[in-house]
1. Amide H to amide H under 5 Å from Ala39: which residues, 5+ apart in sequence or cross-chain, H placed 1.01 Å off N in plane?
2. What is the set of long-range amide H partners of Ala29 at a cut-off below 5 Å, with H atoms built 1.01 Å from backbone N?
3. Mind listing the phi-derived Karplus ³J(HN,Hα) values for the range 113-118, rounded to whole Hz, using 6.51, -1.76 and 1.60 with θ = phi - 60°, and x for any glycine or proline?
4. With a Cα-only, solvent-free Debye model of the range 98-185, what are the log10 I(q)/I(0) values at q = 0.14, 0.15, 0.25 Å⁻¹?
5. Only Lys, Arg, Asp and Glu count, each charged at its Cβ (+1, +1, -1, -1), so figure out the dipole size of the range 44-132 about its Cα centre, rounded to 20 debye.
6. Among Ala151, Gln43, Ala77, which residue has its Cα furthest toward the positive end of the charge dipole of the chain, with +1 on Lys/Arg Cβ and -1 on Asp/Glu Cβ?
7. If amide hydrogens are placed 1.01 Å from N in the peptide plane, which non-local residues have theirs closer than 5 Å to the one on Trp135?
8. With +1 on each Lys and Arg Cβ and -1 on each Asp and Glu Cβ, and nothing else charged, work out how big the dipole of the range 113-255 is about its Cα centre, in Debye to the nearest 20.
Amino acid sequence: MPDHAEPPDASNGVGDATPAGASRRPVEAVLFDFHGTLAQVEQAHDWVVAAAATCGVSLERMRATALADRLLTAGRAGGPLPARVPPRLAELWADRDLYEHAHRAAYTGLAETVDAGIEGFAEALYERVLVPQGWVPYPDTAPVLTALRAAGIPVAVVSNIGFDLRPFFAAWGLADLIDAYALSYEVGRCKPDPGIFLRACGMLRVDPERTLMVGDTPADAGAVAAGCGVLVLPAAGPGRPSGLGAVLDLVLPSP
């Protein structure tokens, strides 16, 4: 999901809370952001067409493309932040990653600002985000998670989000590769708050100084304040490798 707040001062790349000149302990666990790191939402055109179909409407390509552009500007769950949040939605927007009802109401409210002329369309758009078919795992996600499992490195997913991600990993055949989930709406903390990273480390029973957080936004770098190492990857589009192989270079011993 788009991250909930701006982080404390932390630079991109591999962040380290260890004092200068000190050596970091070996990595014994890895925390992964979800959206933009392990998976990406489906293409906006496909999202709009699929949602309309559940409402009994078949969209022509030009109309679907125009609607997708307008909805992306309004704000999409798993997509760009809205260009503007209407005042009536401001409180829901602020709480979207802390409560399920706020997440749904915020994003359906934003979608409703776009007049599509399709009854129930805003709800259908949101429901599409709640199913595995609405997301695309990066091609390097499964190989990297499998390699970490084979090496005995525990993994947690740390996400600012308002709904459960466990069914996604189950549908993708990856559930056995994830040891814990620190989801903001369950934990009550949002990245970059160090509390959510500390909770994830506690779930894995690993010292933060022996943990690597991997994400794609500055909010993920907030894990530095919790004592974790941080790797911030560049954004990648659906179907393209997200650069997760760098995690194995940092975590696994050289052959």
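1. When sequence neighbours closer than 5 places are left aside, the close amide H contacts are Tyr138.
2. Result for Ala29 returns Leu212.
3. Those phi angles translate into 6, 9, 7, 8, x, 10 Hz.
4. -0.61, -0.67, -1.26
5. Details: 9 positive and 12 negative charges, 47 e Å.
Roughly 220 debye for the range 44-132.
6. It is Ala151, whose Cα lies furthest towards the positive end.
7. Close amide H contacts, sequence-distant or interchain: Glu42.
8. On the way: 9 positive and 15 negative charges, 78 e Å.
That gives a dipole near 380 debye.
The values are calculated or read from the model by the stated rules, or taken from the named source; none is laboratory data. Worth saying up front: this structure is predicted, and the values here are computed from it rather than measured. Don't worry about glycine lacking a Cβ; one is built from the backbone with ideal geometry, like all the others, and counts go over all protein chains shown. Heavy atoms of the whole protein, side chains included, go into the accessibility calculation; ligands, DNA and RNA do not. Shrake-Rupley method; radii C 1.70, N 1.55, O 1.52, S 1.80 Å.
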